[in-house]
Amino acid sequence: MRIYTRSGDKGTTSLIYGDRVPKNDLRVEAYGTCDEVNSMIGLAMSHLKREDWEGREEFVTFMTKVQTILFHVGAELATPKGKDVMWQLKEAHIKELEANIDEWDKVLAPLKNFILPSGHEASAAFHAARTVARRAERTAVALEEELSNPLVVSYLNRLSDLLFVAARYVNHHLGGEEIPLQADV
């Protein structure tokens, strides 16, 4: 199988089931942004290879699962409304994000003000992933009428919350400094 097909050379791409759309179609933007989030999570995780803390393996395993689910969310976004999806996001996936947010948040100092994306390299990358997840969510909201599964928006919303807490959690375990937002600059 060749990596290149030349089928997109005129600015179109195929959705699942073969419908061709312009590469700047909002649906393509939505699943492409999910791919960006996934890549940013991968970048964040690459900064953890040499690091160790109690619970690291569970953290890595869960974040890998999140990446897999996010790949499937992209496939849902690439499936035209009314067509069968190969895999479907469920409420349980959102609940799992919430459970991890709550678990990780237990060890973190309460926030007294906004913080700047900072600290350990992995933490900063998780913050960057969070901002891309917010963009994916905004794009999915713009597509809401065309979505087969309304849980996609909820998942992306909760994912950005998880990535924020993941950034703080990594900083906590690896000694990264959280820089508070200064009101007077």
Where does the longest stretch of the chain lie that holds no GluC sites (Glu not before Pro) found in a DSSP loop with 16 or fewer other Cβ atoms within 10 Å?
55-176
Taking the chain as the reference, fit the longest principal axis to its C-alpha atoms, fit the long axis of helix 121-142 to the helix C-alpha atoms, and give the angle between the two in degrees, 0 to 90, nearest 10.
40 degrees
Per the Debye formula with a single identical scatterer at each Cα and no solvent contribution, what log10 I(q)/I(0) holds for the stretch 145-185 at q = 0.23, 0.26, 0.30, 0.31 Å⁻¹?
-0.80, -0.87, -0.96, -0.98
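How many percent of the accessible area of the stretch 87-185 is carbon or sulfur, using a 1.4 Å probe? Before the final figure, lay out the partial values.
Numbers: 2740 of 5100 Å².
Whole-percent figure for carbon plus sulfur exposure: 54.
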Counting pairs of alpha carbon atoms under 8 Å apart in space and at least six apart in sequence, what relative contact order in percent does the chain give?
29 percent
How many Lys pairs in the chain lie less than 22 angstrom apart by Cα atoms, where the lysines are 8 or more positions apart or on different chains?
9
Angle, helix 151-174 long axis vs. longest principal axis of the chain, Cα atoms, 0 to 90°, nearest 10?
30 degrees
Using the beta-carbon distance between residue 71 and residue 113 and R0 = 35 Å, what value does 1/(1 + (r/R0)^6) give for FRET efficiency, to the nearest 0.05?
0.50
Helix 26-46 sits off the longest principal axis of the Cα atoms of the chain, rounded to the nearest 10 on a 0 to 90 degree scale, by 40 degrees
So how much slack lies between residue 14 and residue 2, counting 0.36 nm per residue of separation and subtracting their Cα-Cα distance, in nm?
2.7 nm
Taking the dipole about the Cα centre of the chain, with the C-beta of Lys and Arg at +1 and of Asp and Glu at -1, give me whichever of 18, 87, 111 is farthest to the positive side.
18
Run the simple label-point estimate for residue 51 and residue 92 please: 7 Å along Cα→C-beta, distance reported in nm.
3.1 nm
Taking the alpha-carbon centre of each part, the distance from the stretch 74-142 to the stretch 32-58 in Å is 13 Å
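Tell me, Kirkwood radius of the stretch 6-74 from alpha-carbon pair distances, in Å? List each step's numbers first, then the result.
Details: mean 1/r = 0.0712 Å⁻¹.
Hydrodynamic radius (Kirkwood, Cα only) of the stretch 6-74 equals 14.0 Å.
The values are calculated or read from the model by the stated rules, or taken from the named source; none is laboratory data. Owing to the predicted nature of the structure, the values given are computational and were not obtained by experimental measurement. Using ideal geometry, Cβ is built from the backbone for each residue, glycine included, and neighbour counts are taken over all protein chains shown. Each accessible area value is taken on the protein alone, full model and side chains, heavy atoms only, with ligands, DNA and RNA left out. Shrake-Rupley method; radii C 1.70, N 1.55, O 1.52, S 1.80 Å.
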